[in-house]
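Report on one structure; see the data block that follows.
The values are calculated or read from the model by the stated rules, or taken from the named source; none is laboratory data. It should be emphasised that the depicted structure is a prediction, and the values quoted were computed from it without experimental measurement. Positions of Cβ are generated from backbone atoms using ideal geometry, with glycine treated the same way; all protein chains shown enter the neighbour counts. Just the protein is used for accessible areas: all its heavy atoms, side chains included, with ligands, DNA and RNA removed. Shrake-Rupley method; radii C 1.70, N 1.55, O 1.52, S 1.80 Å.
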Amino acid sequence: MKLLRRTAAAFLIAVFIAALFAGVLVPVPYAKQFRDSPNAMPSRIHLLGTDELGRDLFSRLLYGSRISLLLAPAASLLATIIAALVGGVAGYAGGWLERIALGGTDLAMSLPWLFLLLAARAVLPLNLSPAASLLITFALLGFFGWAASARVICAGARGLRDSDFVLQAKACGCSSRRVLLQQVLPNLRPALFAQFLISIPVFILTEANLGILGLGVSEPLPSWGGLLRGLENWSAVQANPARLAPLLLLLVVVSCFQLVLRQEDFAP
Amino acid sequence: MRNHRLALLAASFLLAALPATAQSGAELRFVLRSEPKTFDPMLVDDEASETIRYLTGGVLIRVNRKTQALEPELGVSWKVSEGGKKISFRVREGLSFSDGTPFTAEDVAFTMQKLMDPELHSPTGDSFRSSQGQVRVTAPDPRNVVIEFPSAVAGLERLFDQVAIVSSHSPKKEAAVLGPFAIAEYKPGSYVLLRRNSYYWKKDAQGRKLPYLDSIRLDVQQNRDLELLRFKRGEIQLINSLDASYFESLAKEAPAAVRDIGPSLDSEQIWFNQVPSSPIPNYKKKWFRSTSFRLAISEAINRGDLCRVVFSGHARPAVGPVSPANLFWFNKSLEPNPYDPQSALRRLQQDGFRFDGHVLNDPDGHSVEFSVVTNAGNKYREQMAAMIQQDLEQIGVRLNIVTLDFPSLIERISRTFDYELCLLGLVNVDLDPSAQMSVWLSSSSNHQWNPEQKTPATSWEAEIDRLMQAQASTNDQKQRKSYFDQVQKIVWDQQPFIYLVNKNALVAISPALANTSPVVLRPQTFWNIESLYLSNQGRGGDQ
């Protein structure tokens, strides 16, 4: 198990380094269109082949990894922090505060957030650079993606509120703030971590779906989500199975995250 | 000479023998991509209903989809007079509707009166309405009918291709038809079954009654992947329009089943926002109103690459508002704008723009950057936008791509005018230029680059207005063609729309279906439905 963890950690580090130094590693710019060789098979120049517009898939995968590996966890972190605040306080405090917070969470979950995102995109200025549209996309994902996690965390906090050690701490005269920070939150860490981890691939895939609705990372920037959209063209995938690379990389990276960052490590 | 005679004899024997290989009780199957909204031929406004009308309706004049010429159907002869205000028909004798009710000129008069009733709001009737006033229809005897319009109707005869005659006496109302098939069964959301009209009047060269097919089953199926799968399994025999990627995919598995018929009437184009009140900076408005700027952008776009890369070669660089597929109206003296970034730069530099090797700046020092909006989810448009982005980068123009959901896009291009450049397509179904009046008249709401102008903003728009009105007010086809050629030339010179490509018409036809002769006009594959038959030898053939 230890070896597996080490291998996973080494793989993640390798992916991060590759993504970070993509500019040095890739033979051609990610946006350059080799129009004479669209849908090309893997070769020395194009290690994974090219996409429909003749862009190098390996370059796009590395640059896409940089974007997705930095921004999906960032969005997930934002969503988890909001969920921890809302769910943790509601669950620990209980009473009317819990009812209001849970009501707000249910409302947020019942909102047609996809349409809210569309509305948000419709009011954004048109001349946003691809980088700005990227940041906005993931920030919106973080702001809209906290509600489900908040419910889970609230349930966890409620369980802790009535636990023996919290009662003991209260009986010893600890303040509510101290109990929350020193007793409740450390015990919520596994739940928070699980929510953080679950949200990463969800946000990557959501970004891919948003692309279809016009809210994804805009051209010519690549992202894992955008690359996964390339799998829609199944005949192209059959012709060049290397096109599955973004999907495989996503699966392996998420698995490695789970192996490296075990929940036990976060237990108090 | 003797050999030639033998060859001719053998060929005529083969032709005569073709229907003998037809399956008896054969049913043709294909897909409707949406639920038909109506079976009333006068209220047709969607493609599925149009298909049913084409297969069941009898018309006075039919546009031959192959030659694009007019052919007599229920009207044996006709005469247009009074400068396009009056049309007289002599109708065919001895015909009956599908329920056995006899057909007379009275039915034509009844159909036209009903069609032109303003209360009915018939989309087909609207195309005849050129001005206010009553339409007079008289049937002096059972074989003759005269229709008088309050003012001249441009391309009058051609409009009768859409008018399916309904019976004035049949208790079955519009269910009694004069076309080759009649509706036999309809299961909402599932299928429409059409059966052969035993009263249909047409016969083949050997005197056999048409149509050859006994029935047509039209399955309602929105999903194109499923449609393709069903075609591959042999469950359906036709796909009326394929997109390039489906075409390529099917071509690998069944090369004999796919056909690229050449450029269709549909075009893809971009246009700059020239609305004076639009919420975009004034310096950008100045660029977009400049003809040189628009021409430079047009020259910087590599249309050949768009056709080759995005459409896998199944498209042609577009010239203007009329596709070369429109045999009569296309202005053959025009050519697509050549790809020439150097010429584009020279043009811009003459206007005071400066290119430092990376960025293009206008005479006031603003870097040339704008956004293109298009509808999200359309793979081809997104790819075209990405290619145009790279093309424009070569002349220092920075293009930002924004894909929006369709309602947001429409809101921006037709209400708030908060956009800079738009990439969209135009689906043409009518060959006649009068169908494009709403696009070209500067007062129209569909005059996309600057709609609803009180007076034309430019002299060339005023000239287009004049020419479009002139072509609509005469029935002399030669004169009309001359006027519309001039419109096309002005559009080519001014580039209010920068036309990109004309997509090819791509279809799939089962080899078991015989006598097929696909064309670019709708309905591409079954326009000659009477002559189609399913071969029991598993392989049909072409006309």
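Taking a ≥ b ≥ c as the square roots of the eigenvalues of the Cα gyration tensor of the range A:48-266, is the shape rounded (a/c under 1.5), prolate (a/b larger than b/c) or oblate? Because a/c hits 1.5 or more and a/b exceeds b/c, the range A:48-266 counts as prolate.
A simple spin-label model places pseudo-atoms 7 Å from Cα toward Cβ; at B:R33 and B:S198 they are separated by 3.7 nm.
What value does the protein assembly as shown have for Rg/Rh, both radii from Cα atoms and Rh as Kirkwood defines it? List each step's numbers first, then the result.
Working: Rg = 32.4 Å, Rh = 30.9 Å.
Ratio value, two decimals: 1.05.
Each residue of the range B:256-263 was assigned a 3J(HN,Hα) from its phi angle through the Karplus curve 6.51 cos²θ - 1.76 cosθ + 1.60 (θ = phi - 60°); the sequence is 6, 8, 9, 9, 9, 8, x, x Hz, with glycine and proline shown as x.
Mind running the shape call on the range B:324-439? Use the C-alpha gyration tensor, a ≥ b ≥ c as the square roots of the eigenvalues: rounded below 1.5 for a/c, prolate if a/b tops b/c, oblate otherwise.
On the way: a/c = 2.07, a/b = 1.33, b/c = 1.55.
Note, shape of the range B:324-439 comes out oblate.
Averaged over its residues, the range A:48-266 has an accessible area of 43 Å² per residue, based on protein heavy atoms and a 1.4 Å probe. A simple rule links phi to the HN-Hα coupling: the Karplus curve 6.51 cos²θ - 1.76 cosθ + 1.60 with θ = phi - 60°, which for the range B:181-186 gives 10, 10, 5, 9, 7, 9 Hz, with x for Gly and Pro. Amide H contacts under 5 Å for B:E420: B:S371, B:V373, restricted to partners 5 or more places along the chain or on a different chain, H placed in the peptide plane at 1.01 Å from N. Cα centroid separation, the range B:90-140 to the range B:414-468: 32 Å. Inter-label distance, B:D243 to B:W460: 3.2 nm, where each label sits 7 Å from its Cα along the C-beta direction.
Let me spell out the model: positive unit charges on the Cβ of Lys and Arg, negative unit charges on the Cβ of Asp and Glu, origin at the Cα centre of the range A:48-266. What dipole size does that give, in debye rounded to 20?
On the way: 15 positive and 12 negative charges, 104 e Å.
With Lys and Arg at +1 and Asp and Glu at -1, about 500 debye.
If I take every Cα pair under 8 Å that is 6 or more residues apart in the range B:362-432, average their sequence separation and divide by the length, what percent do I get for the relative contact order? Working shown, then result.
On the way: 80 pairs, mean separation 29.3, N = 71.
Averaging sequence separation for qualifying contacts and normalising by length gives 41 percent for the range B:362-432.
For chain A, a Gaussian network of Cα nodes joined below 10 Å ranks A:D106, A:D164, A:D56 by mean-square fluctuation, and the top entry is A:D164. Per residue, the average separation of C-alpha pairs within less than 8 Å and at least 6 apart gives chain B a relative contact order of 18 percent. Taking a point 7 Å out from the Cα of B:E93 in the direction of its Cβ, none of the residues of the range B:186-212 has a backbone N less than 12 Å from it. Over the range A:48-266, Cα pairs under 8 Å with separation of 6+ residues give a relative contact order of 31 percent.
What does the C-alpha gyration tensor say about the overall shape of chain B? Classify as rounded when a/c is under 1.5, otherwise prolate if a/b is larger than b/c, or oblate.
Working: a/c = 2.10, a/b = 1.50, b/c = 1.40.
Prolate, because a/c is 1.5 or more and a/b exceeds b/c.
Give me the distance between the Cα centres of the range A:109-135 and the range B:151-173, rounded to whole Å. About 49 Å separates the Cα centre of the range A:109-135 from the one of the range B:151-173. Of the solvent-accessible surface of chain B, computed with a 1.4 Å probe and all protein chains present, 50% belongs to carbon and sulfur.
Once you reduce the range B:284-342 and the range B:493-521 to the center of their Cα atoms, the two points are 18 Å from each other. For a label point 7 Å from the Cα of B:R308 along Cα→C-beta, name the residues of the range A:5-42 whose backbone N is under 18 Å from it. It comes to A:32-41, nothing else.
How much net charge surrounds A:F115 when only other residues with a Cβ under 12 Å from its Cβ are counted (Lys, Arg +1; Asp, Glu -1)?
On the way: positive: A:R121; negative: B:D405.
The answer is 0.
GNM remark for chain A: springs join alpha carbons under 10 Å apart, and the peak mean-square fluctuation among A:G88, A:G49, A:G173 falls on A:G173. Angle between the Cα long axis of helix A:130-144 and the longest principal axis of chain A, 0 to 90 degrees, nearest 10? Once rounded, one gets 30 degrees.
Distance between the modelled labels on B:S151 and B:Q342, one decimal in nanometres: 5.2 nm (7 Å Cα→Cβ projection). Take the accessible area of A alone and of B alone, subtract that of the pair with a 1.4 Å probe, and the total buried over both chains is about 2300 Å². Evaluating 6.51 cos²θ - 1.76 cosθ + 1.60 at θ = phi - 60° for every residue in the range A:79-87, the Karplus couplings come out as 4, 5, 5, 4, 5, 5, 5, 5, x Hz, glycine and proline recorded as x. Placing a label point 7 Å from the Cα of B:K286 along the Cα-to-Cβ direction, the residues of the range B:369-387 whose backbone N falls under 20 Å of that point are B:369-371. Under 5 Å between amide hydrogens, built in the peptide plane, is the criterion, and for B:V501 it picks out B:E268, B:A318 among residues at least 5 positions away or on other chains.
Return the average number of partner chain Cβ atoms within 10 angstrom of each residue Cβ along peptide B:407-413.
2
For the pair B:H366 and B:K209 in one chain, pulling the backbone fully straight at 0.36 nm per residue adds 49.3 nm over the alpha carbon distance.
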